[in-house]
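See structure below.
Just so you know, all these numbers are worked out from the coordinates, no wet-lab data involved. Just so we're clear, the structure is a prediction, and the values are computed from it rather than from any experiment. Note that each Cβ is placed from the backbone with ideal geometry, even for glycine, and that neighbours are counted across all protein chains shown.
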Amino acid sequence: MILILIGFLLLGTANAAPQITFNRTELEIHMDDVTSVPFTIEGLTSGVSRVNLTAISSDWNLVQVSAPIFDPALIQNGVYKSFVNTTGIFLGNAEVSLFLSINGEAVKSDVINIIVIRKVRVVDTLFTASVAILVSILYINFGCAMDWDVCIKTIKRPIGPLIGCLCQFILMPLISYALAIILFPDSPEMQLGIFFTGISPSGGASNIWTILLGGNLNLSVTMTTLCTIAAFGLMPMWIFTLGKHIFERGNLVMPYNKIATFAIGLIVPLGLGYLIQKKLPRVSRILVRIMKPFSVLLIIFIIIFAIVTNSYLFKLFSWKIIIAGMGLPWLGFIFGLIVAFICRQPDQDIRAIAIETGIQNTGVSIFLLRFSLTQPAADLTTVVPVSCAIMTPLPLTILYIIKLVLDRRKTKLAASREKLQNPQTFVAVPAANSSTRLNQTT
């Protein structure tokens, strides 16, 4: 009886289906590199025939795999060990699996997650470090430029700043979240890119555009200051509420420590600027003078440097990325204008509020994404704020050109009206000259 049971057990193990396993569940590879991934097949016999081994990638645009050649001579004690070659094509994650066909029966392996990242280059480190340094310097300038007396006066009657802050930190995060869900339903990385841009404070360029388009500069500077201060509390609030759902959908780790470090890292230069304003007023005045051009240079630097060092971003530029880059700031302009108009604000205040709502500090969003996320998510999400930075000035530039044309027409019309209203002033001089000539001849 015992011998019969042993025979059944041996027969069962002989007929058991082979098992295919990888040596690990996750592997990071670099773009354009070929990496060998070991695997093991157990439960084979030395006399197997008609064996076909196939490698499958869940996304051939990210990871390509070459089908390994099955060699029966490598079977030792029913175990077969070999490797499959994987090639990183582009940034992202893809699952690789193997299919084994023995005598017409198919066996599927477990799955290994292949993460494709870029090679760490010196220029990437310089870009990240330079953005961090420049943003810190900009916040030192903000600390120097704060006029607490003006802030107190504005706070006593805070209608304009309240409208601006509500548009900036209520409408823009909701708009960015809605755009993220509509445009990128299956891409949590892109959702984070547009959402982090939407929760960022207003950009320093808003003050410059407010001047160019005839808005209320004092209101614009006050809103920028208050939004910058409020961002320390409101940005983490949005990240830990709506942003938490995006992190969960993408199986991404919520970077609590890095976000806290980021917030503290911005408070320190802001406080340093305040101390410079109080202790070194001359230095503070110099820093305030260079704040606006420095803000413009920072935006230009980030855009150009990001494009040059991260040319791969243009492979990600699709119509959805372009729509996201246009939709977020342009909708901000429109909704800011509508809310300010409904609240019956003056024309100059309406312009300032609309501009302040639509212009986001893309440098802060890129900085936050770079320091908060791991690769390749940090690289993939950068494309959205870069797209927003490129698309934001387009309608403002068109409006500025229209304003210049209209101002010139108004000047010409005013001059022609003066001629029509006072025609004698233009003919009195020659008439007087002719009369004097007649008197001289007589």
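Some notes on this structure:
- The calculated FRET efficiency for residue 417 paired with residue 272, based on their beta-carbon distance and R0 = 56 Å, is about 0.55.
- A crude spin-label estimate for the pair residue 54 and residue 23, with each label 7 Å from Cα along the Cβ direction, gives 2.7 nm.
- Using C-alpha pairs under 8 Å with a sequence gap of at least 6, the mean separation divided by the residue count of segment 122-403 gives a relative contact order of 34 percent.
- Summarising the amide proton neighbourhood of residue 360: residues at separation of 5 or more, or on other chains, whose placed amide H is nearer than 5 Å comprise 203.
- Taking only the C-alpha atoms of segment 17-117, Rg followed by Dmax gives 13.7, 42 Å.
- Rounded to 0.05, the FRET efficiency of the residue 241 and residue 186 pair, given R0 = 22 Å and the Cβ-Cβ distance, is 0.50.
- Viscosity 1.306 mPa s, 10 °C: Kirkwood-radius Stokes-Einstein D of segment 122-403 over Cα pairs, µm²/s: 85 µm²/s
- Backbone HN-Hα couplings from phi across segment 345-359 [Karplus 6.51/-1.76/1.60, Hz, Gly and Pro as x]: 7, x, 4, 5, 5, 4, 5, 4, 5, 4, 5, 5, 6, x, 8
- Part-to-part distance (alpha-carbon centres) for segment 81-101 and segment 181-239, which is given in Å: 41 Å
- Inter-label distance, residue 330 to residue 170: 2.6 nm, where each label sits 7 Å from its Cα along the C-beta direction.
- Note on residue 289 and residue 162: their simple-model spin labels are 3.9 nm apart, each label 7 Å out from Cα toward Cβ.
- A full extension of the chain between residue 33 and residue 408 corresponds to an added length of 129.0 nm, given 0.36 nm per residue minus the alpha carbon distance.
- For the peptides 279-290, 366-377, the ranking by mean Cβ contacts within 10 Å, running from highest to lowest, is 366-377, 279-290.
- Judged by the mean number of other Cβ atoms found within 10 Å, the most tightly packed of the peptides 343-353, 219-229, 73-83 leads the ranking 219-229, 343-353, 73-83.
- Neighbourhood net charge (14 Å Cβ-Cβ; Lys/Arg +1, Asp/Glu -1) for residue 37: -3
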